[in-house]
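Participant: One structure, as structure tokens, below. Some questions next.
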Amino acid sequence: MERRLTAILAADVVGYSRLMGLDEAGTLSALKTHRREMADAKIAEHRGRIVKLTGDGMLVEFPSVVNAVACAAEIQRKMRERNVDVSEDRRIEFRIGVHLGDIIVEDNDIYGDGVNIAARIESMARPGGVAVSGSVRDNVGNRLDLTFEDTGEQILKNIERPVRVYNVDLFADAAPRSIASIAREKAEPAARAKPSIAVLPFNNMSGDPEQEYFSDGITEDIITDLSKVGALAVTARNTTFALKGKAMDVSEAARQLRVSHVLEGSVRKAGSRVRITAQLIDGMSGHHLWAERYDRDLNDIFALQDEIARAIVDALKIQLMPAEHAAIGKRTTDNVEAYQYYLMGRQHFLRLGRRNHLSARRLYQRALEIDPEYALARAGLALAEGMLLRSGDRSANLVTLSAEAQRALALDSTLAEAHVADAMVHFQKEKIELAGVACRRAIALDPNLYEAHRTLGDVLRMERKFAEAAAAYEKAAEVDRNSYGAMCMLWDCRKTLGDEEEAHRLSQGVLTRIEKAMQLYPDDGAAYAYGCYILHNLGLDERAVEWAERAITIDPEDYNSHYNVACFLAAIGAVEKAIDTLEHSVPQLGLQQVHWMAQDVDMNPLRDHPRYLELIERLEISLAEAEG
């Protein structure tokens, strides 16, 4: 028996079972052709040894970790080229994972944790992508012209310790182009030349962490203003804020966000004075195109935001249309005090957990006491009420949600947030079709609004359109890369659709987001409630039970989270505890939740239990009384 340190490459075909079901002979023939004409040659070129072939994958070892990653990258790039003119439902795509670890060699086969880790990492790679372990990333260093996205430490099934995993960015610079795409480029030179910008979170230089809301709010408002310019592509707020607190130079940020320009700056607020510095940087060269420092009275903050946005547009040599001029100058309040309360409310709303939504509601209400006609604060209040109603908070009610949503729409029907609140009203009233219409209207107004995509996913899921719901949740998760809620629902849809392979891959990313949320918001019981079910599906039931107990303890009044805990308890066979939890939570969640239980597959282990049947009977009587 021989032991050695080696680089292990594991690969398999995405959706192999589905492809075989569509065309078994054609799939096998295409896979063999890809291996014969390209993959085997690339492996040999990089001095790899194919250890074994499976029906849909392969295991390869390399004496050099650099060669292993280079080979993986080249295979995926070639596969992308070969798939250009193949219909999406027939494409053969690989996932590839690479790990550097200790192996046991016996009879030309390899065994050990190193092999197992490579296989687990491969399952986390994106379709057509490459994922590598931290040991691989450390050894490759800067020796390949590739960038690596740190996904954090991951819990891998049957592996004792967490492993840091990186996704390899294979296509940052170019993508293979079909004849049709080349023709489109020639026909659309203006679109190709469209500048793009990412506004990085402005630094809070006030010396007071409590003022963070103000610097974040200034950043958001500049993003909003620039998004009104049709000739400029602007990265969504949640995407740029995912980089907050991370040390990286501007060129790296531009590359990671795939933009041509970056705006960075700082805010210092002291009493009635504010200082804002801003600089616009060419993402490729790192050269400063424009920079300015503003010292103003706080009462001039709205004019100052307009001035900054227009200066950036001028620096990029963009000609504003008359409607864009007017849009940039549009504000829904001119009261600075109300504006500050709105910003504080927005900061709490974007944080996770029922308690933060309670704080957001209180701050929005304070803003509206100062300026009752403040449309954005009114829409924010409606959204906060909707989120509290979703969690089963006893202080929230549908009458208030409906009234605030209608008032927000009456004040400004162009606010996407107001239409999402309207969708929440229809959803709670089980007018599902109208809820979908309102969500799509919100998305048309603001394609980067997380709540719009997330709520649309909920609507489609209620309609049992799970594939479409998955697409909506995926978009929401892309818009807000810190939020775990949409990722959890995407995972749930994939499970419901029977795509266990994709669900398992997603579970690793979901868990990473949940653990990050726990660090940022330790009193968010929902994170533990969602997380316990994910842990269960990864075979980590002991830890899952601990998380379920914490979810209940952290927030005894977050009834939606308690329902999720009940689903987990049913899955592990703790039937009595599951029903106890349902009896405590479901009566607080309203009619929509009662109807959902009838079709929720997570309830299947309980359906014949006498206590469950009794609970359903009581709930149906309450439902009939409410509807009567």
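Participant: Only one residue in Leu316, Leu320, Leu289 is in contact with a Pro (Cβ under 6 Å, 6 or more places away or on another chain) and over 27 Å from Ser483 (Cα atoms), so which one is that?
Facilitator: Leu316
Participant: Still on this model: Of the residues Arg366, Arg268, which single one is among the basic types (Lys, Arg), buried (at least 16 other Cβ atoms within 10 Å of the Cβ) and not assigned by TED's automatic domain parsing to the domain that holds Asn238? Walk me through how you get there before you give the answer.
Facilitator: On the way: Arg268 fails: not assigned by TED's automatic domain parsing to the domain that holds Asn238.
Being among the basic types (Lys, Arg), buried (at least 16 other Cβ atoms within 10 Å of the Cβ) and not assigned by TED's automatic domain parsing to the domain that holds Asn238 holds for just one of Arg366, Arg268, which is Arg366.
Participant: Moving to a separate point now. For Gly15, are the conditions met, namely being of a type in the set (Gly, Ala, Ser), under 28 Å from Arg137 (Cβ atoms) and under 27 Å from the mean Cα position of the chain (by Cα)? Walk me through it before giving the result.
Facilitator: Numbers: of a type in the set (Gly, Ala, Ser): yes; under 28 Å from Arg137 (Cβ atoms): yes; under 27 Å from the mean Cα position of the chain (by Cα): yes.
Judged against the criteria, Gly15 is a match.
Listed here are the residues, each with its yes/no results for (1) within 27 Å of the chain's Cα centre (by Cα); (2) closer than 20 Å to Asp306 by Cα.
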{"position": "Ile318", "(1), (2)": "no, yes"}
{"position": "Lys330", "(1), (2)": "no, yes"}
{"position": "Ala338", "(1), (2)": "no, yes"}
{"position": "Arg366", "(1), (2)": "no, no"}
{"position": "Arg378", "(1), (2)": "yes, no"}
{"position": "Leu383", "(1), (2)": "yes, no"}
{"position": "Leu398", "(1), (2)": "no, no"}
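Participant: For segment 253-279, give me the residue count where each residue is touching a residue at least 60 places away in the same chain (Cβ under 8 Å) and either acidic (Asp, Glu) or farther than 20 Å from Glu212 by Cα (or both).
Facilitator: Count: 8.
Participant: Here are some residues: Leu411, Leu398. Which one is touching a residue at least 40 places away in the same chain (Cβ under 8 Å), within 29 Å of Ala598 (Cα to Cα) and not small (Gly, Ala, Ser)?
Facilitator: Details: Leu411 fails: within 29 Å of Ala598 (Cα to Cα).
The conditions single out Leu398.
Participant: For Lys465, work out the one condition from (1) farther than 28 Å from Ile121 by Cβ; (2) in contact (Cβ under 8 Å) with a residue 24 or more places away in the chain; (3) not hydrophobic (A, V, I, L, M, F, W, C) it doesn't fulfil.
Facilitator: Failing condition for Lys465: (2).
Participant: Test Glu620 against the criterion of being exposed (fewer than 15 other Cβ atoms within 10 Å of the Cβ) and either closer than 27 Å to Arg464 by Cβ or touching a strand residue (DSSP E or B) at 6+ places or on another chain (Cβ under 8 Å) (or both), and give yes or no. Steps first, answer last, please.
Facilitator: Working: exposed (fewer than 15 other Cβ atoms within 10 Å of the Cβ): yes; either closer than 27 Å to Arg464 by Cβ or touching a strand residue (DSSP E or B) at 6+ places or on another chain (Cβ under 8 Å) (or both): yes.
Answer is yes for this residue.
Participant: I need every pair where a residue in segment 193-206 that is of a type in the set (Phe, Trp, Tyr) has its Cβ under 6 Å from the Cβ of a residue that is buried (at least 21 other Cβ atoms within 10 Å of the Cβ), sequence separation at least 6 or different chains.
Facilitator: Phe202/Ser215; Phe202/Ile218; Phe202/Thr219; Phe202/Gly265; Phe202/Val267
Participant: Among the numbered criteria (1) assigned to a helix (DSSP H, G or I); (2) within 28 Å of Ser227 (Cα to Cα), which one does Leu401 miss?
Facilitator: Condition (2) is where Leu401 drops out.
Participant: Go through (1) under 19 Å from the mean Cα position of the chain (by Cα); (2) surrounded by 24 or more Cβ atoms within 10 Å (Cβ to Cβ) and name the single condition Ser561 misses.
Facilitator: (1)
Participant: Still on this structure, I have one more. Given (1) within 21 Å of Tyr450 (Cβ to Cβ); (2) crowded, with 18+ Cβ neighbours inside 10 Å; (3) outside the structural domain of Ala598 (by TED's automatic domain parsing), identify the lone condition not met by Ala471.
Facilitator: (2) is the only condition that Ala471 fails.
Participant: Could you list, in sequence order, all residues of segment 369-415 that are of a type in the set (Lys, Arg) and buried (at least 18 other Cβ atoms within 10 Å of the Cβ)?
Facilitator: Selection gives Arg378, Arg390, Arg407.
Participant: Just checking, how many residues over segment 40-52 are in contact with a strand residue (DSSP E or B) (Cβ under 8 Å, 6 or more places away or on another chain) and either assigned to a helix (DSSP H, G or I) or free of Cβ contacts under 8 Å to residues at least 12 places away in the same chain (or both)?
Facilitator: Taking segment 40-52 as the starting set, the residues that turn out to be in contact with a strand residue (DSSP E or B) (Cβ under 8 Å, 6 or more places away or on another chain) are 40, 43, 46-52.
With the extra rule that they be either assigned to a helix (DSSP H, G or I) or free of Cβ contacts under 8 Å to residues at least 12 places away in the same chain (or both), the set shrinks to 40, 43, 50.
Residues meeting the conditions: 3.
Participant: Which pairs do you get when a residue that is closer than 15 Å to Asn356 by Cα, found in segment 510-537, comes within reach of a residue that is among the hydroxyl-bearing types (Ser, Thr, Tyr), reach meaning Cβ atoms under 7 angstrom, with the pair 6+ apart or on two chains?
Facilitator: Ala517/Tyr484; Gly525/Ser561; Ala526/Ser561; Ala527/Tyr484
Participant: Are there helices (runs of 4 or more DSSP H) fully within segment 429-535 with at least 3 residues that are under 16 Å from the mean Cα position of the chain (by Cα)? List them.
Facilitator: Fully inside segment 429-535 and qualifying: 450-462, 466-479, 485-496, 500-520.
The values are calculated or read from the model by the stated rules, or taken from the named source; none is laboratory data. Note that the structure is a prediction, hence the values are computed from the model and not measured. Cβ atoms come from the backbone with ideal geometry, glycine included; neighbour counts cover every protein chain shown.
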